């Protein structure tokens, strides 16, 4: 099977792509993980928010392998800031996989929040997070109603950099692709048959008009992946990482800051330590 994502990775600061055997092993492990999590919870399947992006598309493909078409219920959740192209892609994914899906506009929910607290409506980041959390509420509403789990779509790059909304897109029961860097998500997606147009599509969280992940991160995912793999997950110092091809000191500092300031997102809410007896 061809692997178009490998061409994309060839120019990356650090090539993190898998061999064919590793791809098959990762695919098998993730499919087994989804099966296990759903079975252990005693639920009837899973729900998944479909954005039209590569992360949710790959997760959908693997979930259907694990649970069958009846085991996955897709939700397409557009808003006034989400492009028509993204929603068309999301619906196309559901239709190509043959799964049931619902299209629910989130704008009435978002407007109700803004009307309840108008002072925050003009705060772009706060308003964007409301949209993300509205999607999470609907994911769980449908999941609870149908006795399903909510599958997350977060990858390792976003988790380490804190590029997610707390109690929003990471308000989920599990993250099947959570151990994959973005480069690896693209490659595995191509390996399982996701169309090339979605594999190479510009990532966006759909928080406001024109928003893209890489603009917010202030670097491309390939650079982010390299710094995370070499410095955050790996043994290299900041100075040594900055000498890697396609990486500079400013980018390393930026990623270190993102990781440090988002530490609270990766843990349950803290409580005071109990006093000694």
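The values are calculated or read from the model by the stated rules, or taken from the named source; none is laboratory data. Remember, it's a predicted structure, so these values are computed and weren't measured experimentally. In this analysis, Cβ positions are derived from the backbone assuming ideal geometry, glycine residues included, and neighbour counts consider all displayed protein chains.
For segment 137-155, name all the residues that are assigned to a helix (DSSP H, G or I) and either without any contact (Cβ under 8 Å) to a residue 12 or more places away in the chain or crowded, with 21+ Cβ neighbours inside 10 Å (or both). Spell out the reasoning first.
If we filter segment 137-155 for residues that are assigned to a helix (DSSP H, G or I), which is where we start, we get 137-146.
Scanning segment 137-155 gives 139, 141, 143, 144, 145.
Suppose the filter is outside any loop (DSSP other than H, G, I, E, B), surrounded by 13 or more Cβ atoms within 10 Å (Cβ to Cβ) and out of contact with any strand residue (DSSP E or B) (no Cβ under 9 Å at 6 or more places or on another chain); does residue 247 pass it? Give the steps one after another, and end with the answer.
Working: outside any loop (DSSP other than H, G, I, E, B): no; surrounded by 13 or more Cβ atoms within 10 Å (Cβ to Cβ): yes; out of contact with any strand residue (DSSP E or B) (no Cβ under 9 Å at 6 or more places or on another chain): yes.
No; evaluated as a whole, the condition is false for this residue.
Only one of 75, 62 is assigned to a helix (DSSP H, G or I), closer than 28 Å to residue 181 by Cβ and either in contact with a helix residue (DSSP H, G or I) (Cβ under 9 Å, 6 or more places away or on another chain) or touching a residue at least 60 places away in the same chain (Cβ under 8 Å) (or both); which? Before the answer, list the steps.
On the way: 75 fails: assigned to a helix (DSSP H, G or I).
On inspection, the qualifying residue turns out to be 62.
The conditions are (1) crowded, with 21+ Cβ neighbours inside 10 Å; (2) over 16 Å from the mean Cα position of the chain (by Cα); (3) modelled with pLDDT under 95, and residue 83 fails exactly one of them. Which is it?
(1)
For segment 41-59, which residues satisfy the criterion of being closer than 20 Å to residue 202 by Cα and assigned to a loop (DSSP other than H, G, I, E, B)?
Residues of segment 41-59 closer than 20 Å to residue 202 by Cα: 49-59.
Of everything in segment 41-59, those that are closer than 20 Å to residue 202 by Cα and assigned to a loop (DSSP other than H, G, I, E, B) turn out to be 50, 51, 52, 53.
Any idea which of 270, 203 is in contact with a helix residue (DSSP H, G or I) (Cβ under 9 Å, 6 or more places away or on another chain), surrounded by fewer than 13 Cβ atoms within 10 Å (Cβ to Cβ) and either at negative phi or assigned to a loop (DSSP other than H, G, I, E, B) (or both)?
Working: 203 fails: surrounded by fewer than 13 Cβ atoms within 10 Å (Cβ to Cβ).
None of the others qualify; the one that does is 270.
Taking the condition out of contact with any strand residue (DSSP E or B) (no Cβ under 7 Å at 6 or more places or on another chain) and either in contact (Cβ under 8 Å) with a residue 24 or more places away in the chain or under 24 Å from residue 155 (Cβ atoms) (or both), does residue 37 pass? Steps first, answer last, please.
On the way: out of contact with any strand residue (DSSP E or B) (no Cβ under 7 Å at 6 or more places or on another chain): no; either in contact (Cβ under 8 Å) with a residue 24 or more places away in the chain or under 24 Å from residue 155 (Cβ atoms) (or both): yes.
It is false that residue 37 is out of contact with any strand residue (DSSP E or B) (no Cβ under 7 Å at 6 or more places or on another chain) and either in contact (Cβ under 8 Å) with a residue 24 or more places away in the chain or under 24 Å from residue 155 (Cβ atoms) (or both).
Only residues that are over 13 Å from the mean Cα position of the chain (by Cα), in a helix (DSSP H, G or I) and surrounded by fewer than 21 Cβ atoms within 10 Å (Cβ to Cβ): list them for segment 156-198, please.
192, 196, 197, 198
Take the residues of segment 206-228 that are more than 14 Å from residue 13 (Cβ to Cβ), within 14 Å of the chain's Cα centre (by Cα) and in contact (Cβ under 8 Å) with a residue 60 or more places away in the chain: which is surrounded by the fewest Cβ atoms within 10 Å (Cβ to Cβ)?
Selected residue: 207.
Does any residue of segment 97-120 turn out to be touching a residue at least 40 places away in the same chain (Cβ under 8 Å), assigned to a helix (DSSP H, G or I) and in contact with a helix residue (DSSP H, G or I) (Cβ under 9 Å, 6 or more places away or on another chain)? First the steps, then the outcome.
Our first condition is that a residue be touching a residue at least 40 places away in the same chain (Cβ under 8 Å); within segment 97-120, this holds for 101-102.
Checking which are assigned to a helix (DSSP H, G or I) leaves us with none.
Taking every residue of segment 97-120 in turn, none turns out to be touching a residue at least 40 places away in the same chain (Cβ under 8 Å), assigned to a helix (DSSP H, G or I) and in contact with a helix residue (DSSP H, G or I) (Cβ under 9 Å, 6 or more places away or on another chain).
Evaluate the following for residue 89: is it at pLDDT below 95, in a helix (DSSP H, G or I) and surrounded by 14 or more Cβ atoms within 10 Å (Cβ to Cβ)? Don't jump to the end; show me each part of the working.
Working: at pLDDT below 95: yes; in a helix (DSSP H, G or I): yes; surrounded by 14 or more Cβ atoms within 10 Å (Cβ to Cβ): yes.
The answer is yes for residue 89.
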